[in-house]
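Comments concern the structure below.
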Amino acid sequence: MKRRSKAASSNSQLNQMDFVEFLDRLPAGAYICDPEGKITYFNRPAAEVWGREPKLNDPADRFCGSFRLLAADETPLRHEECWMALALQTGQEYHREEIIVERPDGSRRNVLAHASPIRDSSGKITGAINIVIDLSDQKQADRNSAILASLVASSDDAIVSKTLDGRILTWNGGAERIFGFTAEEAIGSQITIIIPPERLDEERFILERLRNGERIEHFETERLTKAGHRVDISLTVSPLRDRDGRIFGASKIARDITARKRDEADLRRLHEMSRRLSATRELDFVLEEILHSAMAIEETDLGLLSLYDPEQRRLAVAASHGFDDEFLESLERLGPIDDLHGSSFRERRRHVVEDMETDPVDAGHRDVARQAGYRAIHSTPLIARSGEIVGVLSTHFREPHQPTERVKRLIDLCAHQAVDFVENARLFEQLRLADRRKDEFLATLAHELRNPLAPICNAIDILKLSDDLDPAVEHVRNIMERQVTHMVRLVDDLLEVSRIARGKSELRKEIVELSAILASAVETSRPYIEAAGHQLVVSISPSPITVNADATRLVQVVVNLLNNAAKYMDRSGQIWLTAQHKENEVVLSVRDSGLGIPPDMLLRVFDMYAQVDSHASHSRGGLGLGLPLAKHLVEMHGGRIEARSDGTGAGSEFIIHLPLAVRPMTPIARDESIPLPTRRILIVDDAQAAIYVLGKLLEKMGQDVCAAQDSASALELAKSQRPDIVISDIGMPNMDGCELARQLRKEPGLEGVILVALTGYEQDDDRRQTKDAGFDYHLVKPVSLAALEQLLANVPIRPTAIPTDG
């Protein structure tokens, strides 16, 4: 780059090469002009400031090599008005004068000009030199510093700097607002003034990481205010370094996250409320949980949840906290929709009373509020998705109070969830009530059906004990027995469904031979199968198979399957009953050649009340309960059941898988060759037919029988006859069977009498009721001959018992 002319070299004052070399090495820009302002020399920093290299001694580049000049206030400036031109014109020096240089690319540089005239030995001006210092980086730094200082000063976050020993260096307005200490109080103090004692280890941990040059981001913790309150904050801490890169302190930004933490806690609380309420359908629990969640959100210990009663057309308190009974009773005395929450209910919107003492609208309730000890109310209507208003959720405050918008939103969310759970709980309560009524209806139905069935069954048993029946009468008896047995089974199925639905079905397991269970099932079903003209083939593994089962229930399962096979099959069909070992289980199969099951019904045959085709000509009736009960009982035994069929007309097969028992157990049977001992038995029943038939049956069994048709007569008869056993009905007028039992237990001389309840009711509560009344046994109508034999065999012989003849 050409930077000096020949004319310049003849100048006596610039003849010294060391001065030029000095300017070349100068880090600041420097250039020289002759008396006419033509540039005779410039160094590289000057060209960098200008953004160009001007021609030397060129009249077009006079006074300055810049493209364009501006004054410090950014007004345009002619080159003839710049500091170099003024120095040549006036002969004066101009130092630290600011000027703006615009470069050819449009960028600008702020510079300080130091223009000085050059004179010869006679004092004549022979030129001038200008030293220009680029201020742009410093200007930008100053601007950045000003912006940063403004941001720090106006930040809502606390921005603090400290030394490595924890001494506070700077403290902005955000720190003053969050922690309460002024800058004068904080600067120079230890940072521990805002750290809880139990968290001092955090500061040591942070300082250690800072010394290692690490940055800590979003560290959530607690700090103390000047007043001693705790504040949730998120910390970001960075090391401070000097010009040599040495760490001398830390810069800390602390953001107050108290509101966020509170929001998170409230949302967590609502989530937990939803989780807990999802696990229950109890209305009282639902109401209490909702109320406590709302009170926690509003940070109060007073609250009410009122539900609307459409029949009485009023709000009624369903849950409360913090109020005494006197206050709650005073609410009950208020008129319909005229209580403290009536406005919210009527207008279907939020109602806030900031101060009961000054609010003109609720002045009528001021005395009630004073008595209860609150000043403010926040009421929110509970409106269902259907638009129906369910009730009002209200929180009360001991001091004047205005809920924030955040709290209002959270309470609205709580209210929306509350409505859903309240409606679900109410529906569940209605279903539970309907279920209870259904159970009561089934129990009553069973009782009413069993009452007429009992004498019929007993009459059939009497005929069974007769040896001289005409064949035609014997045939009729068999028909009656099958039909009555079928009716009893239908009644049992109805009650079993009710027990299963309520989870009250229980098993009395013991280790039994499967062959005995199958034999009992076949004995029960064979008359039904033969009456339909079918053939039954039984195939059982020759080796003993034992299962841990409730024999009665398992017999019920097999009987249901056999009867189903017989029912859904035209006459002269075939049924196969098989049982065999298979690894660690027994596989039991009931297969038939009957009507089969359509593919779309295979998965539905185990549904409650399902029937394959209830309108077809082959239908034999039924309630559709047999297979669902079979499935439930098999699963209770730890097994499974499946249905197979190739479709309509292809027959069907039901396969049961049951786990094998660990060890066999030999059943103990009563020796039937030993006659039953004779007892004096008193029968009590308001149904004359029942007394007559049961009495005749017991007499056929060798018993001494007397009877009474009401409890009062039975009590007198028991005192005079001193029976060994009293068999009493329960549902009798005036004095029922349970009261009779209690009276008999009080009677001297009857302490050892055996009391047997004979009733159509067989629910657990019924059994518990008879036991509490003093009954020793609970028999369900119609009682079978086998059950009576077992009873008489188990009852101990009293000394007063009538001896057997012979």
Report task. Check the stretch 618-630 and report whether any residue there is crowded, with 19+ Cβ neighbours inside 10 Å, modelled with pLDDT of 85 or more, of a type outside the set (A, V, I, L, M, F, W, C) and not in a strand (DSSP E or B). Result -> no
**Report entry** Which listed residue, of 751, 762, 789, is in contact (Cβ under 8 Å) with a residue 12 or more places away in the chain, over 49 Å from the mean Cα position of the chain (by Cα) and open to solvent by 20 Å² or more (accessible area, probe 1.4 Å)
**Finding:** 789
Query raised in the report: Mind checking whether some residue in the stretch 210-217 is of a type in the set (Lys, Arg), at pLDDT below 85 and in contact with a Ser or Thr (Cβ under 9 Å, 6 or more places away or on another chain)?
Result: no
**Report entry** residue 416 modelled with pLDDT of 80 or more and either assigned to a strand (DSSP E or B) or aliphatic (A, V, I, L, M) (or both)
**Finding:** no
Query raised in the report: In the set 326, 311, which member is within 30 Å of residue 361 (Cα to Cα), out of contact with any His (no Cβ under 7 Å at 6 or more places or on another chain), open to solvent by 30 Å² or more (accessible area, probe 1.4 Å) and in contact (Cβ under 8 Å) with a residue 40 or more places away in the chain?
Result: 326
Requested in this report: Check residue 296 against each of (1) within 21 Å of residue 266 (Cβ to Cβ); (2) of a type outside the set (Ser, Thr, Tyr); (3) open to solvent by 20 Å² or more (accessible area, probe 1.4 Å); (4) assigned to a strand (DSSP E or B) and name the one condition it does not meet.
Outcome: (4)
**Report entry** Selected residue (only one of 682, 698 is part of a strand (DSSP E or B) and either touching a residue at least 12 places away in the same chain (Cβ under 8 Å) or surrounded by fewer than 19 Cβ atoms within 10 Å (Cβ to Cβ) (or both))
**Finding:** 682
Report task. Would you point out which residue out of 435, 362, 420 is open to solvent by less than 20 Å² (accessible area, probe 1.4 Å), at negative phi and not β-branched (Val, Ile, Thr)? Result -> 362
**Report entry** Complete set of residues in the stretch 233-262 that are more than 18 Å from residue 155 (Cβ to Cβ) and either surrounded by 15 or more Cβ atoms within 10 Å (Cβ to Cβ) or of a type in the set (Val, Ile, Thr) (or both)
**Finding:** 239, 247, 249, 261, 262
**Report entry** Which listed residue, of 728, 713, 720, is modelled with pLDDT of 90 or more, in contact with a strand residue (DSSP E or B) (Cβ under 7 Å, 6 or more places away or on another chain) and of a type in the set (S, T, N, Q)
**Finding:** 728
Query raised in the report: Has the stretch 91-98 got at least one residue that is among the small types (Gly, Ala, Ser), closer than 16 Å to residue 39 by Cβ and at pLDDT 90 or above?
Result: no
Query - Unique match (being assigned to a helix (DSSP H, G or I), farther than 17 Å from residue 557 by Cα and modelled with pLDDT of 70 or more) among 523, 530 - result: 530
Query raised in the report: Among the residues of the stretch 37-63, which ones are free of Cβ contacts under 8 Å to residues at least 40 places away in the same chain and in a loop (DSSP other than H, G, I, E, B)?
Result: 54, 55, 58, 59, 60, 61, 63
Report summary line: Residue hits (the stretch 209-237; at positive phi and in contact (Cβ under 8 Å) with a residue 24 or more places away in the chain) are 213
Report task. Could you list all residues from the stretch 231-285 that are of a type in the set (A, V, I, L, M, F, W, C), in contact with a Ser or Thr (Cβ under 7 Å, 6 or more places away or on another chain) and modelled with pLDDT under 85? Result -> 270, 273
Report summary line: Residue pairs qualifying under the 9 Å Cβ cut-off, at least six apart or on distinct chains, with the first in the stretch 722-733 being over 15 Å from residue 750 (Cβ atoms) and without any contact (Cβ under 8 Å) to a residue 60 or more places away in the chain and the second being aliphatic (A, V, I, L, M) and in a loop (DSSP other than H, G, I, E, B), are 729/687
Requested in this report: State whether one or more residues within the stretch 280-291 are without any contact (Cβ under 8 Å) to a residue 60 or more places away in the chain, loosely packed, with under 14 Cβ neighbours inside 10 Å and outside any helix (DSSP H, G or I).
Outcome: no
Query raised in the report: For the stretch 94-123, what are the residues that are surrounded by 14 or more Cβ atoms within 10 Å (Cβ to Cβ) and not in a strand (DSSP E or B)?
Result: 103
Report summary line: Exactly one of 425, 376, 454 is touching a Phe, Trp or Tyr at 6+ places or on another chain (Cβ under 9 Å) and buried (at least 22 other Cβ atoms within 10 Å of the Cβ), and that one is 376
Query - Residues located in the stretch 445-483, provided they are in contact (Cβ under 8 Å) with a residue 40 or more places away in the chain and in contact with a Leu (Cβ under 6 Å, 6 or more places away or on another chain) - result: 446, 458, 461, 462
Query raised in the report: Does residue 692 fit the bill of being open to solvent by 50 Å² or more (accessible area, probe 1.4 Å) and under 21 Å from residue 464 (Cα atoms)?
Result: yes
Requested in this report: Check 710, 729 and return the single one that is in contact with an Asp or Glu (Cβ under 7 Å, 6 or more places away or on another chain) and crowded, with 23+ Cβ neighbours inside 10 Å.
Outcome: 729
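The values are calculated or read from the model by the stated rules, or taken from the named source; none is laboratory data. All figures in this text were calculated on a predicted structure; none of them were measured in a lab. With ideal geometry, Cβ positions are generated from the backbone for all residues, glycine too; neighbour counts draw on all protein chains shown. Protein only, heavy atoms only, side chains kept; ligands, DNA and RNA dropped before computing areas. Shrake-Rupley method; radii C 1.70, N 1.55, O 1.52, S 1.80 Å.
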